[in-house]
1. Hey, residue 75 hits all of (1) assigned to a helix (DSSP H, G or I); (2) modelled with pLDDT of 90 or more but one; which does it fall short on?
2. Which of the residues that make up the range 65-74 are within 10 Å of the chain's Cα centre (by Cα) and either farther than 26 Å from residue 11 by Cβ or crowded, with 17+ Cβ neighbours inside 10 Å (or both)?
3. Could you please let me know if residue 84 is loosely packed, with under 11 Cβ neighbours inside 10 Å, touching a helix residue (DSSP H, G or I) at 6+ places or on another chain (Cβ under 9 Å) and modelled with pLDDT under 90?
4. Would you call residue 25 surrounded by 11 or more Cβ atoms within 10 Å (Cβ to Cβ), in contact (Cβ under 8 Å) with a residue 24 or more places away in the chain and in contact with a strand residue (DSSP E or B) (Cβ under 8 Å, 6 or more places away or on another chain)?
5. Considering only residues that are free of Cβ contacts under 8 Å to residues at least 24 places away in the same chain and not in a helix (DSSP H, G or I), which ones fall in the range 30-45?
6. Restricting attention to the range 4-22, report how many residues are modelled with pLDDT of 90 or more and part of a loop (DSSP other than H, G, I, E, B).
7. Restricting attention to the range 39-64, report how many residues are closer than 16 Å to residue 20 by Cβ and more than 11 Å from the chain's Cα centre (by Cα).
8. Going residue by residue through the range 46-55, is there one that turns out to be in contact (Cβ under 8 Å) with a residue 24 or more places away in the chain, over 12 Å from residue 78 (Cβ atoms), out of contact with any helix residue (DSSP H, G or I) (no Cβ under 8 Å at 6 or more places or on another chain) and not in a strand (DSSP E or B)?
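The values are calculated or read from the model by the stated rules, or taken from the named source; none is laboratory data. Please read all numbers here as calculations on a predicted model, not as lab measurements. All Cβ positions, even for glycine, are placed from backbone atoms using ideal geometry, and neighbour counts span all protein chains on display.
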């Protein structure tokens, strides 16, 4: 990885989350919408609409779904990392 890529700081602020039958849609404060297949998140994929609707955005970088005992990082969602994946090799600050 180049040194430039290692110096990039991520500052993603999630403002809202929506779901449809196939996707999680994350809205960011800069106007972007990130759409990720629910298949990336097995618990979300099997969850009811009511369970998915019970979410909380914690700080700027964590999506917590209490009914599902599932916490997802905004960074992981943006990078397209499926639930349960090891992100340690992707974090330039680790």
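1. (2)
2. Passing the criteria: 72, 74.
3. Taking the combined requirement at face value, the residue satisfies it.
4. So residue 25 does not fit the description; no.
5. 30, 31, 32, 33, 35, 37
6. Of the residues in that region, 3 qualify.
7. Looking only at that region, the number is 12.
8. The answer is yes, given that some residue of the range 46-55 is in contact (Cβ under 8 Å) with a residue 24 or more places away in the chain, over 12 Å from residue 78 (Cβ atoms), out of contact with any helix residue (DSSP H, G or I) (no Cβ under 8 Å at 6 or more places or on another chain) and not in a strand (DSSP E or B).
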